[in-house]
1. Rank by packing, highest mean first: peptides 337-347, 276-286, 193-203, with packing defined as the count of other Cβ atoms within 10 Å averaged across residues.
2. Order these peptides, 151-161, 87-97, by their mean beta-carbon neighbour count within 10 angstrom, highest first.
3. Classify segment 132-180 from the C-alpha gyration tensor, please: rounded if a/c falls under 1.5, else prolate or oblate depending on whether a/b exceeds b/c.
4. Hey, can you grab everything whose amide H is under 5 Å from the amide H of Leu178? Only 5+ residues off in sequence or another chain; H modelled, so Pro and N-termini drop out.
5. Given the pairs Lys149/Lys337; Lys149/Lys233; Lys149/Lys212; Lys143/Lys337; Lys149/Lys214, which span a C-alpha to C-alpha distance of over 24 angstrom in this model?
6. How far is the Cα center of segment 150-186 from the Cα center of segment 270-288, in Å?
7. Across segment 339-348, in residue order, what do the Karplus-derived ³J(HN,Hα) couplings come to in whole Hz, using 6.51 cos²θ - 1.76 cosθ + 1.60 with θ = phi - 60° and x for Gly and Pro?
8. Around Ala158, what is the net charge, scoring Lys/Arg as +1 and Asp/Glu as -1 over all other residues with Cβ under 15 Å from its Cβ?
Amino acid sequence: MNVNPLRRVPLVAKWPVTPCRSASSKAPRPQKPSSKSPKSAAIKRRQAIPPRQHHQDRPTPQGTQSEPPNAETTAKPGHGIPPRALTFLGISALTISMYCGYLYASYTREVNKAQTLNVPRDVSDRYNTTAATFDADVELSEKAMGLGKKRRDLIRQARGHVLEVSCGTGRNLPFYELGERRGLDADGHAAVLGCRSVTFVDLSPQMVAITKEKFEELYPAFPAVFRACDAGKVELSDLGRSGVKVQEAPVYFDTVVQTMGLCSMPDPVATLRHLGSVTEPASGRILLLEHGRSYYDWLNRILDNLAPAHADRHGCWWNRDIGDIVRESGLEIVEEKRWHLGTTWRYVLRPKQSTEKARS
Ligand SMILES: C[S@@+](CC[C@H](N)C(=O)[O-])C[C@H]1O[C@@H](n2cnc3c(N)ncnc32)[C@H](O)[C@@H]1O
């Protein structure tokens, strides 16, 4: 009678089952040694026992072989990072350190150069030559800093007779709401919103010309005034030239706007004081979006070190303390906000005397 000896072997008791072999596995199992002949039993056992295998080589529960180990991706005992990842990390570290070295060398060279420059306080004439490329030069950094939204949020507050000084190439133009309408203000109160008239001023004739061209393309039907003049010398009579008949006297601007302008003028405190004098005393507002010193000393050191070179090239002193300028001007602070490590400043101001005049 041909009896399979394996049938009678108590498997669990004598032959340990490896965890990855399921009960349904078809892989050959070790045979029970025969009690009749020790020698033949040993031979049989040798034939029956499968050769030692790595964990990866063992049959899967379904009886299929897994992929052979990959020499490149298999972690060697002792450290867990595959060689390919190590190479990548090494190359990355080398590239970063070379780039940092390059930046540091450029920075040191620029600082040394900046210290030897004799830059005048008034660098505003630089805009006459950079007007044509101004938009392209600032576009990327403004996008990266999200300045478009900050401009829009500020300009949306403009209402009544509006004066924008240091208007540059008209980067705020798309955000004006032209024409008055009734609506609700930021506090939910009924108010007259929108601009009744707009007047644009910049010291650089080249800059004003670009603003005018953009404005006429954007709002062909709306009359506006464009003047190449010093923001510190704007006259209230400029308002009358906007084509809007203004009966009341004296006439003030209801909103004065300036973005990124205090950095470029030789006497920003005097200019702010003058702007306060042409702003409607009771309800008029001066809206500023400026850039200058940071909250952090390390960043201010960098701004200070590079300021002469930056001013000489771009016509802007980027290390000014905008907070100090505003306080010195004597205007009243209605709202103050800062972003980008403190270097971007937004102010809503009003003339100091407005509270006294409003009471009388
Ligand atoms: C950095 S640009 C800013 C332009 C624009 N406001 C903007 O936000 O993109 C500074 C502008 O201020 C103008 N500017 C400098 N000094 C001025 C002054 N005293 N009066 C009027 N504009 C002045 C320059 O001609 C230049 O167009």
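Throughout, read-outs are computed from the coordinates displayed, never taken from laboratory work. Model, not experiment: these values are computed from the prediction. Cβ coordinates were reconstructed from backbone atoms using ideal geometry, including for glycine residues, and neighbour counts include every protein chain displayed.
1. Values: 337-347: 17.6, 276-286: 19.5, 193-203: 22.1.
Averaged packing, sorted descending, gives the order 193-203, 276-286, 337-347.
2. Values: 151-161: 19.1, 87-97: 10.3.
For the peptides 151-161, 87-97, the packing ranking is 151-161, 87-97.
3. oblate
4. Those lying under 5 Å, H to H, from Leu178 are Cys195.
5. Numbers: Lys149/Lys337 14 Å; Lys149/Lys233 30 Å; Lys149/Lys212 22 Å; Lys143/Lys337 19 Å; Lys149/Lys214 19 Å.
Over 24 Å Cα-Cα: Lys149/Lys233.
6. Cα centroid to Cα centroid, the span is 15 Å.
7. Whole-Hz 3J(HN,Hα) from phi for segment 339-348: 9, 6, 6, x, 7, 9, 10, 10, 10, 10.
8. Details: positive: Lys150, Arg151, Arg152, Arg156, Arg159, Arg171, Arg181, Arg196, Arg285, Arg346, Arg350; negative: Asp153, Glu164, Glu177, Glu180, Asp185, Asp254, Glu280, Glu335.
Here the count lands on +3.
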